[in-house]
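Take a look at the structure set out below.
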């Protein structure tokens with residue numbers, strides 16, 4: 001019988017990096033009643049006419065934010081809210097046809113003929129970003145562009 005040696009250092013390094021990643025970003029599912037009152041008010045307003053799929057609380061880099069996961073006309077919409085009730089960001093699934101022409105052209109160019117499977121419009125105080133999911137070479141890829149077609153900055 002042959003024994004297999006597993007390199008300890010790379011394995012330990014991976015485990016340590018994974019643990020640090022978890023420590024830096026903790027997300028947990030919560031109930032509406034667990035939301036602070038200001039966040040409850042915003043969640044109610046943002047979910048009018050939608051089906052609520054759930055709520056979560058995320059602590060990342062010491063900052064807390066809440067997310068309301070919604071379904072609007074069969075499409076996903078997630079709203080991130082800070083503890084004071086201010087909307088930080090919305091992520092809405094959109095039809096590719098509704099994407100601005102310059103952004104659409106940039107997505108198609110980067111996709112290189114691959115089919116665009118899903119597009120989300122991500123709105124924050126800084127900008128509107130379009131995130132397109134494609135399959136290329138047997139793998140999922142995400143393409144991020146601004147409304148004007150320029151490549152969007154990497155996510156934090």
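The table below lists the values:
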quantity	calculated
Residues (exposed (fewer than 14 other Cβ atoms within 10 Å of the Cβ) and modelled with pLDDT of 95 or more) located in the range 50-62	51, 53, 54
Residue 79 vs. criteria outside the structural domain of residue 32 (by TED's automatic domain parsing) and either touching a residue at least 60 places away in the same chain (Cβ under 8 Å) or in contact with a helix residue (DSSP H, G or I) (Cβ under 9 Å, 6 or more places away or on another chain) (or both)	no
Sole residue being closer than 18 Å to residue 124 by Cβ and modelled with pLDDT under 95, chosen from 12, 25	25
Count of residues meeting criterion [closer than 14 Å to residue 151 by Cβ and touching a strand residue (DSSP E or B) at 6+ places or on another chain (Cβ under 7 Å)] in the range 88-109	3
Residue in the range 100-111 that is touching a residue at least 24 places away in the same chain (Cβ under 8 Å), touching a helix residue (DSSP H, G or I) at 6+ places or on another chain (Cβ under 9 Å) and assigned to a strand (DSSP E or B) present	no
Options 131, 120, 65; residue that is modelled with pLDDT of 95 or more, in the same structural domain as residue 39 (by TED's automatic domain parsing) and either touching a strand residue (DSSP E or B) at 6+ places or on another chain (Cβ under 8 Å) or not in a strand (DSSP E or B) (or both)	65
Count - residues of the range 117-145 that are within 19 Å of residue 95 (Cβ to Cβ) and within 17 Å of the chain's Cα centre (by Cα)	18
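Residue-wise test of (1) modelled with pLDDT of 95 or more; (2) buried (at least 18 other Cβ atoms within 10 Å of the Cβ).
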residue: 82; (1), (2): yes, no
residue: 91; (1), (2): yes, yes
residue: 96; (1), (2): yes, no
residue: 101; (1), (2): yes, no
residue: 109; (1), (2): yes, no
residue: 112; (1), (2): no, no
residue: 125; (1), (2): no, no
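The values are calculated or read from the model by the stated rules, or taken from the named source; none is laboratory data. For clarity, every value in this text was computed on a predicted model and none was experimentally measured. Please note: Cβ atoms are built from the backbone with ideal geometry, for glycine as well, and neighbour counts cover all protein chains shown.
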